[in-house]
Amino acid sequence: MWMKMAMFVLLVSVAILGRVRAEEIIVNRHFKGDMFSKQDCEADFCRSRGISISSHPLASQECSCQCDPQWPTFREDRNTCVDSLHECELADFVTGSSTEKIPFVFLPLSGQLVYPSASISIPSGRYDPNLVSPICVVSTVDIMTNNGWEDITNFTQEFQQPFQLYSDNGKTYLQWMGNEVIHQALEGRLLLIHLLCKHTGQQSRRLFAPCVSFRVAGSPGSIQSKAPGTSETLTERDYLAIGVCAGFLVMLYIFAMIVFIVIKKKQRRDKRLREQFLQLPIPQGIGFKSSRILGLDEKYLSDLARLSADNRCSKRHKNCHNCELHNELSHSQRHLGFAKKFKANR
């Protein structure tokens with residue numbers, strides 16, 4: 001019965017995990033164009049994702065697609081490939097004569113520069129583009145999820161931003177200041193860093209807010225978007241894990257109770273057998289020699305005889321005092337007769 005229940009729980013778990021896995025789109029950031037795949041997909045899955053090119057399937061019944069190099073960035077919220085973001089005015093990463101809007105980068109160690117070979121050209125907004133680079137600070141950092149952009153503090157629970165701007169010889173770079181935990185959480189993510197800038201050569205105090213975006217190498221982990229007001233809601237996998245653990249604990253408790261009951265029954269049976277052995281009557285004709293052969297001393301045999309006599313006396317509801325006296329006299333006479341025979345033989 002328990003084996004059937006365990007097999008049923010296992011089959012349900014595999015079915016739910018397989019269904020959840022099939023509904024996910026796995027994204028892998030690539031410098032020539034992001035790659036994304038899905039199990040149990042339609043025939044036109046890659047063509048319906050926007051501008052993308054198809055590659056060979058990674059496994060049976062699994063579609064694998066790659067964004068075209070002209071539209072290298074895959075957006076999880078729209079399931080399409082893009083070449084830029086329109087949420088804000090993007091800054092350019094400049095390397096020599098080439099520029100990139102959303103480059104493919106590797107996060108370095110803490111304190112090092114992100115994409116050190118490319119400087120950041122911050123747009124001047126509505127001001128004269130010939131003005132010197134403005135003074136900017138990092139305002140917020142957003143992460144792309146399946147439900148859109150989410151603030152990084154919702155995942156890291158740290159209010160200090162892991163990025164900051166670094167200036168050197170009139171050029172602006174992006175510096176990574178996060179720890180290893182945040183580093184792993186940002187692998188394979190599309191990031192949007194909001195800046196707050198002001199031109200130093202202008203008398204106006206008006207600020208403008210450009211953005212910096214890039215793709216982090218790797219594949220996104222298990223971090224999911226937290227919708228507003230439902231940050232404490234458990235996912236389907238959480239409920240599945242809780243159910244499996246609860247079922248295992250219940251079966252473990254039942255098994256422990258069965259073992260405990262079996263041990264207690266065995267102890268009671270052994271105790272009952274010991275009591276029955278002590279209440280057995282002494283066989284007729286047993287003597288000192290036979291007691292030596294059986295490994296019993298004379299004192300133990302006398303105790304057995306007394307217990308047997310008391311038991312018979314209590315069962316018959318007679319005068320137990322007379323029975324005890326008669327037993328003691330008989331026992332003394334037997335010892336006296338044995339002593340006389342011993343003297344006569346000598």
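The values are calculated or read from the model by the stated rules, or taken from the named source; none is laboratory data. Here the structure is a predicted model, which means the values were calculated and not measured. Every residue, glycine among them, receives a Cβ derived from its backbone with ideal geometry; neighbour counts consider all protein chains shown. All accessible areas refer to the heavy atoms of the entire protein, side chains included, with ligands and DNA or RNA removed. Shrake-Rupley method; radii C 1.70, N 1.55, O 1.52, S 1.80 Å.
Hey, S117 hits all of (1) assigned to a loop (DSSP other than H, G, I, E, B); (2) under 17 Å from W71 (Cβ atoms) but one; which does it fall short on?
Unmet condition: (2).
For segment 31-71, give me the residue count where each residue is modelled with pLDDT of 85 or more and of a type in the set (D, E, K, R).
3
Got a number for residues in segment 164-209 being open to solvent by 30 Å² or more (accessible area, probe 1.4 Å), under 15 Å from Q112 (Cα atoms) and in a loop (DSSP other than H, G, I, E, B)?
2
Rundown of residues vs (1) more than 21 Å from E76 (Cβ to Cβ); (2) at pLDDT below 70; (3) open to solvent by 60 Å² or more (accessible area, probe 1.4 Å), yes/no style:
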| site | (1), (2), (3) |
| --- | --- |
| C211 | no, no, no |
| A217 | no, no, no |
| S222 | no, yes, yes |
| R237 | no, no, yes |
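Identify the single condition in (1) loosely packed, with under 15 Cβ neighbours inside 10 Å; (2) under 26 Å from W149 (Cβ atoms); (3) modelled with pLDDT under 90 that S97 does not satisfy, given that it satisfies every other one.
(2)
Has segment 113-135 got at least one residue that is open to solvent by less than 30 Å² (accessible area, probe 1.4 Å), at pLDDT 90 or above and within 34 Å of the chain's Cα centre (by Cα)?
yes
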